[in-house]
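The values are calculated or read from the model by the stated rules, or taken from the named source; none is laboratory data. Note that the structure is predicted; figures quoted are calculated from it, not measured. Here the Cβ positions follow ideal geometry from the backbone for every residue, glycine too, while neighbour counts run over all protein chains shown. To get the accessible areas, we keep the full protein, side chains included, count just its heavy atoms, and leave off ligands, DNA and RNA. Shrake-Rupley method; radii C 1.70, N 1.55, O 1.52, S 1.80 Å.
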Amino acid sequence: MTTTSTPTERAPSGVGLLAVLLPALLVTVIASDMVNLMLPSIGAEFTASEAELAWVVTGFLLVFAVGIPFYGRTSDRVGLRQLFTFALLAYAAGSLICALAPDLLVLVLGRIVMGIGAAAVPVLSMVAITRLIPADRRGTGIGALSAAAGVGAAAGPALGGGIGQFLGWRALFWVMVVAVLVLLPAARRVLPGDVPEGASRFDLLGGIFLGVGSGLLLFGATQAQVAGLTAPSSWGSFLVAAAAIALFGWRTVHVANPFVPPALFANRVYRIAVLVTFLAMAVNLGGLVFVPLLIVDVNGLEPGIGALVMIPAGISVAVLSPLIGRLADRIGTRPLVVVGLAIMAASALFLATATTSVVPIAAGILGLSVGFILVLTPIISAAASALPSEQVGIGLGILQGAEFLGAGTGPALFAVLVAARQQTVGAATAFSEVFLVMAVVVVLALITAFRMRPAHHEAH
């Protein structure tokens, strides 16, 4: 079949593609928590309570969680150029609303619009790498994206606090507007506009049920951390989330073109990848959240010391991710995933015994982060390789949705455990116990990962 695509559409260079995707991913990851340190300033300006301010973060994250699977599914029917353009414009519009917000309600609305755009970038970036970079270099591309995400997660609070302190919190959003205006024309040049072959209609209602279930699951976990599991906002959210996910499952079985093709989870490599990603991400984010708390609450040190402890882990992730991607291209997935999970389990156990000394704590979180990146980069590549081309978009959307849900629910549920235990056994013991629970979760992921076959033979 002949096409009339431009040369850029037919064969975008790997370097040109990454030159657009990496900064786009970096910007959107930074946006997720760049306002955290500026919430007191925002609260003072708008005379808002802590509960009201929380929606500046929560509104963004909830829309982000719901949007990822939708963008993944839509990328199987709509060209990457069109989707990326919409996402960047929505992100810029949301940033502009935030920059000009006259009150807290408008600020939260702007953050929601930002989340609508930001949700597209991680999954569409992975889809672009999978479709446009040859299979023997795919791991390298995914590793580069993982490095950008790691840098963004580490830099977000520091960058937000620094810019916000000197220029005011509104400057954060003006910076994002300018960044998108620079990225947009480059993205339109590099990304193809053609519709993927084999595109078919899908069940929108099923996708809505999935989105509602995912969003309420994350919201319920957040409320459990804040108000406790017995609060109606916690158990009520979990109950409605379960009902929505059950309805999603029913429609998946009974409608002609379900939002998620059942064949997707009949693929063992993919099924295992989703479960391992969820569990590993829950523990990784749990470590990133609880190690700084351990430094401050148990060791009585300043928050700045907690930030310094995290720097080696962030640098290691940024440096190692592309190298691990290249290694995955050569030796396959399962060896790296198994080794990475083993390192994570050992690091969590080490943290459980090292709650009162800063240097061992820094070594523990370094090991946890390195182990996680050994898991994440190859497992995404394996999942993409295991899927037929017409399922890549929705497959990566579900996979990254699972990753994000792990990031949201893991720390929240671990926080419930710490809050419940530290009143009876003390803070140091409670933190030790939560790291032991993290080790158990990783061991479960390790047992699951042993069933993953190498994916070199999978069709693309």
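In segment 321-388, the ratio of gyration radius to Kirkwood radius, Rg to Rh, stands at 1.11 when only Cα atoms are counted. For segment 349-390 versus segment 205-240, the inter-centroid distance based on Cα atoms is 27 Å.
Name the shape class, rounded, prolate or oblate, that the alpha-carbon gyration tensor gives for segment 205-283, where a ≥ b ≥ c are the square roots of its eigenvalues, rounded holds for a/c under 1.5, and otherwise prolate holds if a/b is larger than b/c and oblate otherwise. Oblate, since a/c reaches 1.5 and b/c is not below a/b. Accessible surface calculations at 1.4 Å, restricted to protein heavy atoms, place the chain at 40 Å² per residue. Nonpolar atom fraction for the chain, defined as the carbon and sulfur part of the 1.4 Å probe accessible area, stands at 71 percent. A full extension of the chain between residue 103 and residue 390 corresponds to an added length of 98.9 nm, given 0.36 nm per residue minus the alpha carbon distance.
Pop the C-beta distance of residue 171 and residue 440 into the FRET formula with R0 = 51 Å and round what comes out to the nearest 0.05. For R0 = 51 Å, the calculated efficiency reads 0.70. Between the labelled values (i) 32.1; (ii) 20.9; (iii) 38.9, the entry that holds mean projected area of the Cα convex hull in nm² as derived from this structure is (ii). Dipole orientation for the chain: of the candidates 381, 415, 121, 381 has the Cα lying most toward the positive pole (charges on Cβ; Lys, Arg +1; Asp, Glu -1). Note on residue 319 and residue 450: the model spin-label points, each 7 Å out from Cα along the C-beta direction, lie 3.3 nm apart.
Summary value for the chain: 22 percent relative contact order, contacts being C-alpha pairs under 8 angstrom separated by 6+ residues.
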